[in-house]
Amino acid sequence: MIRIMQIGYGYWGNNVAKKLILSSKFELEYLVETDLKKCEMARTTMPNVPVINDYLEKLDEVDAVAICTQTEYSFQIAMDAMTAGKDVFIEKPLAKNVALAEQLVKLAKEKNVILHCDHLMIYNPVVRYIKKMIDNGELGDVIYIDISRINLGPIRKDINAMLDLAVHDIAVIDYLLGGFEPEYLDIVGTKFCGKQENITYLTMKSGEKLVNINSSWISPVKVRTTTIGGTKKMVVFDDLAINKLKIYDSGIDVIQGEIYGDYEFKTRVGDVFMPHISFEDSLLNSLEHFADCIVKRKESMSGPEQCIRVMKILEWAQNILKSQK
Ligand SMILES: NC(=O)c1ccc[n+]([C@@H]2O[C@H](COP(=O)([O-])OP(=O)(O)OC[C@H]3O[C@@H](n4cnc5c(N)ncnc54)[C@H](O)[C@@H]3O)[C@@H](O)[C@H]2O)c1
């Protein structure tokens, strides 16, 4: 069993703690929280887990840490933990910018510790199913990916909607395409309330592949859809539906004309298939992949390499948003 300390027990940390307790791979040794009310909540819900205020106090008693604080505090905690030789599970985004992310990655390499960022959507069984379809050629070449991750709040003060929401989608795209480094990127956002963009529209292009990501905290309805158009088939992943994945045997065929060099486009509308994909908890999968990496001393799928690619996209987009002020 991996002895782990969790730092931060807010909105998301609450979920992480539950999964750490559920998993047979971890022993949650300590929970660290600076907010006294949240400490009390943690003591009530998890009476067997000691709750402390300062992570440095007990760092030497654990093998790994799970950092679930706000992004602005997670960098220093991760640096302290890795300096002490601990494997690190860190909530997304890895850091506030590429320079800080690169410092974390450098230290992880120097200390030979596992650095795993919780890009949890890549541990979703539907995403894994789509990845297999892309890798075995069933979709054909991916032409476009169109994603909506929109809902009503919570409005964050420390980061904007893109950093909060699109980070998942960029990681998924990176995973599905075996690494995604666009040549073109543009973004627009609007600040309805506060100092951060509450809605962002991010567009990217790599070769002939187009990507569009819509992130919003100001939508009356919650939407979680990913549409992927391939040259052979197309898929729609609706994370809120009962049948989450629909595979459309539809597309555009290019038909050779009668005269040499002439051609026409014909729409092809075929069957729609809904595969049964058993439910798996993505957060638990993410934590257990981290555990597996610790045991086998192998790099995480959402480890340094993916994190840096994702962070570069986020920073590029952030710089464009800043220039629009
Ligand atoms: N993977 C996901 O799907 C997902 C979903 C939501 C949030 N998140 C991420 O989780 C992180 C936390 O988000 P949240 O919404 O839970 O924030 P939050 O503000 O609700 O909770 C953060 C907690 O960390 C505590 N904290 C801060 N510094 C600390 C320290 N030095 N020691 C101990 N505790 C400390 C705060 O008191 C707070 O309770 C963010 O990075 C966010 O992006 C991830």
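The values are calculated or read from the model by the stated rules, or taken from the named source; none is laboratory data. For clarity, every value in this text was computed on a predicted model and none was experimentally measured. Note that each Cβ is placed from the backbone with ideal geometry, even for glycine, and that neighbours are counted across all protein chains shown. Please note that ligands, DNA and RNA were not included when accessible areas were found on the heavy atoms of the full protein model with its side chains. Shrake-Rupley method; radii C 1.70, N 1.55, O 1.52, S 1.80 Å.
Evaluating 6.51 cos²θ - 1.76 cosθ + 1.60 at θ = phi - 60° for every residue in the range 36-41, the Karplus couplings come out as 5, 5, 5, 4, 4, 4 Hz, glycine and proline recorded as x.
In terms of its Cα atoms, the range 125-279 spans 61, 38, 29 Å along the principal axes, sorted from long to short. Taking only protein heavy atoms and a 1.4 Å probe, the accessible area of the range 8-73 is 51% carbon and sulfur.
When the pairs Lys205/Lys312; Lys111/Lys296; Lys131/Lys266 are compared against a 19 Å limit on Cα-Cα distance, Lys131/Lys266 fall above it. Surface composition of the range 125-279: carbon and sulfur make up 55 percent of the accessible area, probe 1.4 Å. The residues of the range 202-262 have, on average, 55 Å² of accessible surface per residue, using a 1.4 Å probe with all protein chains present.
How fast does the chain diffuse by Stokes-Einstein, in µm²/s, taking the Kirkwood radius from C-alpha pairs at 25 °C and 0.890 mPa s? The Stokes-Einstein estimate is 116 µm²/s. The Cα center of the range 141-205 and the Cα center of the range 218-246 differ in position by 16 Å. Using a Gaussian network model of the chain in which every pair of alpha carbons under 10 angstrom is joined by a spring, one finds that among Val142, Val65, Val167 the greatest mean-square fluctuation is at Val142. Bridgeable aspartates and glutamates around Lys25 (alpha carbons under 13 Å apart, same-chain partners fewer than 8 residues away excluded): Asp63, Glu288, Asp292. Taking every DSSP helix (H) stretch of at least 4 residues in the chain, weighting each as -39,500 (n - 2.57) and dividing the sum by the residue count yields a mean residue ellipticity at 222 nm of -10000 deg cm²/dmol.
Since only Val113, Val98, Asn124 are under comparison, the one whose Cα sits farthest along the positive direction of the charge dipole of the range 87-126, derived from C-beta charges on Lys, Arg, Asp and Glu, is Val98. With a threshold of 29 Å on the Cα-Cα distance, the over-threshold entries among Lys86/Lys191; Lys109/Lys244; Lys191/Lys232; Lys106/Lys222; Lys86/Lys325; Lys18/Lys86 are Lys86/Lys191; Lys109/Lys244; Lys191/Lys232; Lys106/Lys222; Lys86/Lys325. Taking amide H as placed 1.01 Å from N in the peptide plane, Ser300 has its amide H under 5 Å from the amide H of Leu115, each at least 5 places away in sequence or on another chain.
Taking all Cα pairs closer than 8 Å and separated by 6 or more residues, the relative contact order of the chain comes to 18 percent.
Around the Cα centre of the chain, unit charges on the Cβ atoms of Lys, Arg, Asp and Glu (plus for the first two, minus for the last two) sum to a dipole of about 520 debye. Relative to its residue count, the range 1-141 spans a Cα convex hull of 138 Å³ per residue.
Its residues counted as N, the range 201-325 yields a C-alpha radius of gyration over 2.2 N^0.38 Å of 1.47. Solvent-accessible area per residue in the range 277-325 equals 48 Å², computed with a 1.4 angstrom probe and all protein chains kept. Across the range 161-176, coupling constants 3J(HN,Hα) worked out from phi with the 6.51/-1.76/1.60 Karplus curve, θ = phi - 60°, read 4, 5, 5, 6, 9, 5, 4, 5, 5, 5, 5, 5, 4, 4, 5, 5 Hz, and Gly and Pro carry x. If you build a Gaussian network model of the chain, linking Cα atoms that sit under 10 Å apart, which residue out of Glu181, Glu299, Glu110 swings the most? Judging by the Gaussian network model, the answer is Glu110. Against the chain, whose longest principal axis is taken from its Cα atoms, helix 71-83 shows a tilt of about 60°.
Pick out which of Leu152, Leu104, Leu115 has the largest mean-square fluctuation in a Gaussian network model of the chain, springs linking Cα atoms closer than 10 Å. Fluctuation is largest for Leu152. Rounded to the nearest 10 degrees, the inclination of helix 98-111 to the longest alpha-carbon principal axis of the chain is 60 degrees.
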